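The values are calculated or read from the model by the stated rules, or taken from the named source; none is laboratory data. The structure presented is a predicted model; accordingly, all values stated were derived computationally and were not measured. Don't worry about glycine lacking a Cβ; one is built from the backbone with ideal geometry, like all the others, and counts go over all protein chains shown.
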Ligand code: SF4
């Protein structure tokens with residue numbers, strides 16, 4: 001992406017430093033802790049963690065940032081269709097870290113109108129319907145919540161799927177108002193993720209033990225067999241190249257590029 005296309009407000013005091021870091025690709029050589037410490041120092045309470053509570057990566061970020069600054073906020077999108085195990089994990093994180101998780105809900109009027117018109121499970125019928133549901137239950141609530149921050153941290157990794165292969169450790173999220181988006185685990189492997197979880201007894205979703213590599217909404221996630229592509233359990237009725245919910249699609253300003 002051209003730096004000149006980046007939508008980062010002139011009023012932001014960190015603008016020049018962030019653009020310079022992106023231009024020089026400098027953060028790619030930083031450790032995860034270096035990135036997180038820099039982010040806490042730079043953004044303070046205007047920084048938040050995006051965690052699904054359905055993947056170990058977000059829990060690792062909660063653990064690491066708790067060690068750097070226990071006040072760092074974390075949010076989860078409650079679509080209304082999550083697994084009970086995911087709600088249990090939200091409470092386990094509260095207990096373990098003494099952290100009030102920001103649980104972000106969709107606009108109730110939008111959900112009511114959507115299901116009244118289409119039924120409860122209309123997302124199985126077409127890709128367009130599935131994108132619509134993800135828009136209402138995930139993309140729009142996230143955009144509304146992030147409006148209160150300058151930067152957020154995600155657990156995206158490059159080897160999770162082809163769509164994430166080019167993920168940089170620092171980006172500008174133009175689909176969410178020009179926020180700074182940090183992906184400090186971008187170069188981590190699955191083995192390194194599970195090593196960290198084991199070493200630090202990080203709480204993770206219990207469904208991982210039952211064959212779920214990642215846990216999304218209950219009707220759209222299922223367990224996978226040994227040796228299967230980890231993403232094959234998400235939106236299993238779709239082709240691989242459509243398997244994004246729109247939260248991490250950079251180029252489409254309406255967030256619908258799922
Ligand atoms: Fe709707 Fe499924 Fe997307 Fe959840 S993952 S918001 S239930 S389509």
Segment 71-91, residues that are part of a helix (DSSP H, G or I) and more than 14 Å from the ligand (Cβ to nearest atom): 84, 85, 87, 88, 89, 90, 91
Candidate set from segment 1-36 (those that are part of a loop (DSSP other than H, G, I, E, B) and more than 24 Å from residue 69 (Cβ to Cβ)); member that is modelled with the highest pLDDT: 25
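One line per residue, one yes/no per condition, for (1) out of contact with any strand residue (DSSP E or B) (no Cβ under 6 Å at 6 or more places or on another chain); (2) within 24 Å of residue 120 (Cα to Cα); (3) in a loop (DSSP other than H, G, I, E, B):
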| residue | (1), (2), (3) |
| --- | --- |
| 149 | no, no, yes |
| 159 | yes, no, no |
| 198 | yes, no, no |
| 219 | yes, yes, no |
| 237 | yes, yes, yes |
Test: residue 55 is surrounded by 15 or more Cβ atoms within 10 Å (Cβ to Cβ), within 15 Å of the ligand (Cβ to nearest atom) and under 18 Å from residue 183 (Cα atoms): yes
Qualifying residues in segment 181-196 (those that are part of a loop (DSSP other than H, G, I, E, B) and surrounded by fewer than 22 Cβ atoms within 10 Å (Cβ to Cβ)) - the one nearest to the ligand (Cβ to nearest atom): 188
Filtered residue count, segment 92-124, keeping only those that are within 11 Å of the ligand (Cβ to nearest atom), in a loop (DSSP other than H, G, I, E, B) and touching a residue at least 24 places away in the same chain (Cβ under 8 Å): 2
Qualifying residue in segment 242-251 (condition: more than 16 Å from the ligand (Cβ to nearest atom), within 30 Å of residue 19 (Cα to Cα) and either at pLDDT below 95 or touching a helix residue (DSSP H, G or I) at 6+ places or on another chain (Cβ under 8 Å) (or both)): yes
Extreme residue, nearest to the ligand (Cβ to nearest atom), among residues of segment 200-217 that are surrounded by fewer than 18 Cβ atoms within 10 Å (Cβ to Cβ) and not in a helix (DSSP H, G or I): 211
Members of segment 130-140 that are within 13 Å of the chain's Cα centre (by Cα) and either closer than 14 Å to residue 173 by Cβ or more than 8 Å from the ligand (Cβ to nearest atom) (or both): 139
Residue in segment 117-134 that is surrounded by 14 or more Cβ atoms within 10 Å (Cβ to Cβ) and within 30 Å of residue 34 (Cβ to Cβ) present: no
Cross-chain or 6+ apart pairs with Cβ under 6 Å, segment 77-89 first and touching a residue at least 60 places away in the same chain (Cβ under 8 Å) and closer than 13 Å to residue 210 by Cβ, then within 9 Å of the ligand (Cβ to nearest atom) and part of a helix (DSSP H, G or I): 83/218
